[in-house]
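The block underneath contains the structure these notes are about, expressed in structure tokens.
The values are calculated or read from the model by the stated rules, or taken from the named source; none is laboratory data. All of these numbers come straight from a predicted model, not from anything done at the bench. Heads up, the Cβs are rebuilt from the backbone with ideal geometry, glycines too, and the neighbour counts pull from every protein chain shown.
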Amino acid sequence: MPMNKRVTIHDIARIAGVSSATVSRVLSNSSYPVSEKLRERIQQLAEEHHYIPNMIGKQLKTDRNMTIGVIIPTISNPFYASVMLGVEEIARRRGYHVLLCNSLQDGKLEEDYLQTLFEKQVKGVILSSISGNSKLISRLMKLGLQLVVIEQQLDVPDVLQIEFDYSRGGYMAASHLIEQGHRRIGYVTAPLDRPSRRLILQGFQEALRAHGLSLEDGCYQVSESESPIYTGTFEFENGKRLTRKLLELQEHPTAIFACNDLTAFGVLHELAEHQVKVPDAISVMGFDNIEFSQMVTPPLTTIKQPDYEMGKMACSMLLDKLSDVTVDSLQVMLQPKLVVRESVGKRSSG
């Protein structure tokens with residue numbers, strides 16, 4: 001038998017001189033009566049020839065797939081890495097395997113992954129959508145795909161969604177900076193091409209207005225586009241670039257709020273390059289509370305998203321749906337929490 005040819009049940013049956021059905025029963029630990037001697041012979045042949053079960057074939061016969069898919073923008077962002085750990089914990093506990101797909105901020109790639117996972121008989125997918133292609137998602141759901149959407153809101157009827165109150169998170173961030181005496185506050189963000197980013201800005205501006213403030217000219221810096229070739233350092237480099245623009249202003253902001261922690265790391269790095277002390281001269285605040293936010297110098301004040309908990313909840317909801325367990329609510333809204341560290345200082349009123 002050629003070494004590069006995958007051994008099948010039929011190959012084992014031919015070598016053992018028995019039917020394929022008998023080999024299948026033995027290797028699937030069926031209770032069908034087979035002599036102990038023959039059982040041992042078949043198991044020994046399977047081991048010698050490195051037999052690996054064809055799970056796709058088995059799934060086609062039983063219409064039961066113990067694999068779920070997850071599509072996220074990029075695993076290089078620690079936020080999504082933490083979400084994945086939560087997903088995998090629940091999946092492993094309930095006997096499921098996870099296929100991870102990175103859309104790399106590319107809506108077309110996301111749509112291709114959705115189609116491919118469905119074609120591979122994956123019945124359930126957890127999705128953080130960049131594309132927002134409700135037409136494709138609705139079609140796949142009608143064909144039997146179970147879907148849980150996380151983080152980014154999707155306008156699709158009857159889809160399970162776990163959202164985060166981004167607007168409230170932005171409001172809390174601005175409120176904390178104002179409470180610390182800051183009035184001229186800078187805002188740096190990646191392109192506003194996602195609901196989450198727009199909602200953070202919306203909440204931030206609402207808090208400013210509530211205190212009689214606004215984002216002053218030049219203090220609001222937004223990227224016009226993502227990098228055409230996504231890399232894990234895009235947000236970091238974006239934070240550096242936008243901070244350079246803020247430092248070119250005649251009057252610097254006393255605090256800078258970044259749309260996420262990775263961008264805030266870029267802000268901290270650029271300020272250090274220009275010998276601007278944090279928080280003495282300029283305070284810095286992030287959004288996400290990824291693990292690295294407590295490891296930078298100074299440790300980053302930020303808004304916590306329950307990333308790990310989001311992953312666990314999304315996987316539990318999806319597997320319940322696949323098992324025909326009633327899900328209490330189609331929509332869950334997770335709440336932000338302020339995490340105070342050392343990157344934000346109090347500003348004197350003088």
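Quick notes on this one:
- Considered as a group, the residues in region 161-179 that are in contact with a Ser or Thr (Cβ under 8 Å, 6 or more places away or on another chain) and in a helix (DSSP H, G or I) include one that is farthest from M333 (Cα to Cα), and that residue is L177.
- Any chance E237 is in contact with a helix residue (DSSP H, G or I) (Cβ under 7 Å, 6 or more places away or on another chain) and over 21 Å from P191 (Cβ atoms): no
- Of all residues in region 218-238 being part of a loop (DSSP other than H, G, I, E, B) and of a type in the set (D, E, K, R), the one that is modelled with the highest pLDDT: E224
- In summary, S316 fulfils each of the numbered conditions (1) part of a strand (DSSP E or B); (2) crowded, with 17+ Cβ neighbours inside 10 Å with the single exception of condition (1).
- In region 186-197, the residues that are under 17 Å from E163 (Cα atoms) form Cβ pairs under 7 Å with partners that are buried (at least 22 other Cβ atoms within 10 Å of the Cβ) and among the polar types (S, T, N, Q), at six or more places apart or across chains, as follows: R197/T189.
- Test: Q294 is on the phi > 0 side of the Ramachandran plot and modelled with pLDDT of 95 or more: no
- Any hit, region 244-253, residues being aliphatic (A, V, I, L, M), outside any strand (DSSP E or B) and in contact with a Leu (Cβ under 9 Å, 6 or more places away or on another chain): yes
- Qualifying residue in region 332-345 (condition: modelled with pLDDT under 95 and over 25 Å from L85 (Cβ atoms)): no
- The residue of region 267-299 that is nearest to R347 (Cα to Cα), among those that are acidic (D, E) and surrounded by 15 or more Cβ atoms within 10 Å (Cβ to Cβ), is E270.
- Where a residue in region 333-347 is farther than 22 Å from L199 by Cα and crowded, with 17+ Cβ neighbours inside 10 Å and its partner, wherever it lies, is of a type in the set (D, E, K, R) and modelled with pLDDT of 95 or more, with Cβ under 7 Å and at least six apart: G345/D280
- So H269, is it at negative phi and assigned to a loop (DSSP other than H, G, I, E, B): no
- Q153 vs. criteria part of a loop (DSSP other than H, G, I, E, B), of a type outside the set (S, T, Y) and surrounded by 15 or more Cβ atoms within 10 Å (Cβ to Cβ): yes
- Of everything listed in (1) hydrophobic (A, V, I, L, M, F, W, C); (2) buried (at least 19 other Cβ atoms within 10 Å of the Cβ); (3) within 30 Å of A258 (Cβ to Cβ), the single unmet condition for L104 is (2).
- Pair list, Cβ < 8 Å and 6+ apart or interchain, from region 230-248 residues that are closer than 14 Å to A264 by Cα and surrounded by fewer than 21 Cβ atoms within 10 Å (Cβ to Cβ) to residues that are among the aromatic types (F, W, Y) and modelled with pLDDT of 95 or more: F236/F265
- Note on region 133-160: among residues that are within 15 Å of the chain's Cα centre (by Cα) and not hydrophobic (A, V, I, L, M, F, W, C), the one that is modelled with the highest pLDDT is E151.
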